[in-house]
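The values are calculated or read from the model by the stated rules, or taken from the named source; none is laboratory data. Being a predicted model, the structure only gives us computed values, none of them experimental. When we count neighbours, we look across all protein chains shown, and the Cβ atoms used for this are built from the backbone with ideal geometry, even at glycine. All accessible areas refer to the heavy atoms of the entire protein, side chains included, with ligands and DNA or RNA removed. Shrake-Rupley method; radii C 1.70, N 1.55, O 1.52, S 1.80 Å.
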Amino acid sequence: MLLSQLPPALSDWPAALCGAPCWQLTAEALLPATRSHDGAWIVLFGQDLGPRHLSRLATLLANKGIETSLYPAGEQAGIPLLLLGTDRFSPELVQALKAQEWDIDLCHLPALPTLGEPGLLVMDMDSTAIRIECIDEIARLAGVGEQVSAVTAAAMQGKLEFADSLRSRVALLEGAPVAILDEVAAAMPWMPGLQLMVDTLKQAGWKVAIASGGFTRFAGELQQALGLDAIFANELATEDERLTGRVSGRIVDAAVKAEVLQRLATDHGIRPAQTVAVGDGANDLKMMAVAGLGIAIHAKPLVRAQAAATLNHHDLEGVLCLLGAIACRERRWN
């Protein structure tokens, strides 16, 4: 079938492609496949996903000489998605995809974790599980918002060493009343899709944890509300109901986040390939690097460039699209 003849809506594709279990994608058409490919994966997902995206991708694949199989269309969290198996993983294709602007999310990955077996997801908190940087909100209420937010931005972009930047920001909070923390916690906005993602993962037998450069006051709030399996974050020192301007104990930096993911996987007997790290800042890159899949969400340019998968148009429901994509292999077009 010519790509130009595909129905505009993915919901109509099964009727058009029911003649084969999977299809070979060429630059201009879909051909009944004599064999399927599973050397690596391409996942495309978005509400407007359609033939134009597949056609655009097909041109890139043809230019790279990559053979591809299209599996039956699926849906996760109400979002249409397509899974393609490729004959090999191509770093060059990854760069080509990231260099272009897309109105959907798509990722080329050497492997995909699956909801079909237990796994582990470890996520950052600030600007990942929630939509704010808590230290910036504390600082704003303490009257030092501009000074702190400038340092936060630089640290998340990888321009400053995280532990030093955290100490310098916390020092500016000295003398602020502890009650400020309760005020920030009460108005803490969750990232859209957080509840759905956690509930879906837990139902699938996954473990879910937070490893954050933020603070235990807020991570603990999320743990209680969501039933998270573990939290790792920094403890703000207090005295006489005021912040001392210091952090108690070891700082949860990039190295600690990576250690947390590996230790939790070992403790729960989870295969490395079934581990996922989600974050937005430079201090999440080490955690992403040791995970089976690293996902950057609304991330800084440095992080988008290095992460295996990027969510630019979706919130945490996009994580479910990636983890649920492999199920398309088991579906049929009819």
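Considering the stretch 271-285 alone, what residues qualify as being surrounded by 20 or more Cβ atoms within 10 Å (Cβ to Cβ) and either basic (Lys, Arg) or modelled with pLDDT of 95 or more (or both)? Can you show your working first?
Of the stretch 271-285, the ones surrounded by 20 or more Cβ atoms within 10 Å (Cβ to Cβ) are 274-285.
Of everything in the stretch 271-285, those that are surrounded by 20 or more Cβ atoms within 10 Å (Cβ to Cβ) and either basic (Lys, Arg) or modelled with pLDDT of 95 or more (or both) turn out to be 274, 275, 276, 277, 278, 279, 280, 284, 285.
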Of the conditions (1) more than 22 Å from the chain's Cα centre (by Cα); (2) at pLDDT below 95; (3) small (Gly, Ala, Ser), residue 58 fails just one. Which one is it? (2)
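Kindly provide the set of residues from the stretch 1-34 that are over 20 Å from residue 65 (Cβ atoms), of a type in the set (A, V, I, L, M, F, W, C), open to solvent by 20 Å² or more (accessible area, probe 1.4 Å) and in a loop (DSSP other than H, G, I, E, B), ordered by number. Walk me through it before giving the result.
Let us first name the residues in the stretch 1-34 that are over 20 Å from residue 65 (Cβ atoms), namely 1-2, 4-21, 32.
Adding the requirement that they be of a type in the set (A, V, I, L, M, F, W, C) leaves 1-2, 6, 9-10, 13, 15-18, 20.
Then keep just the ones that are open to solvent by 20 Å² or more (accessible area, probe 1.4 Å); that gives 1-2, 9, 15-16, 18.
If the condition is that a residue be over 20 Å from residue 65 (Cβ atoms), of a type in the set (A, V, I, L, M, F, W, C), open to solvent by 20 Å² or more (accessible area, probe 1.4 Å) and in a loop (DSSP other than H, G, I, E, B), then 1, 9, 18 are the ones that fit.
Among the residues of the stretch 223-270 satisfying the criterion of being of a type in the set (S, T, N, Q) and touching a helix residue (DSSP H, G or I) at 6+ places or on another chain (Cβ under 8 Å), which is surrounded by the most Cβ atoms within 10 Å (Cβ to Cβ)?
Taking the candidates together, the pick is 234.
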Are there strands (runs of 3 or more DSSP E) fully within the stretch 205-299 with at least 3 residues that are more than 14 Å from the chain's Cα centre (by Cα) and over 28 Å from residue 325 (Cα atoms)? List them. 207-215, 230-239, 242-248
Of the residues in the stretch 81-136, those that are open to solvent by 20 Å² or more (accessible area, probe 1.4 Å), hydroxyl-bearing (Ser, Thr, Tyr) and over 18 Å from the mean Cα position of the chain (by Cα) come to none
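Can you pull out every residue in the stretch 160-177 that is farther than 13 Å from residue 135 by Cα and at pLDDT 90 or above? Lay out the reasoning, then the answer.
To start, the set of residues in the stretch 160-177 that are farther than 13 Å from residue 135 by Cα comprises 160-164, 175, 177.
The answer is 175, 177.
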Checked the stretch 286-314 for anything open to solvent by 20 Å² or more (accessible area, probe 1.4 Å) and closer than 23 Å to residue 204 by Cβ; matches are 290, 292, 308
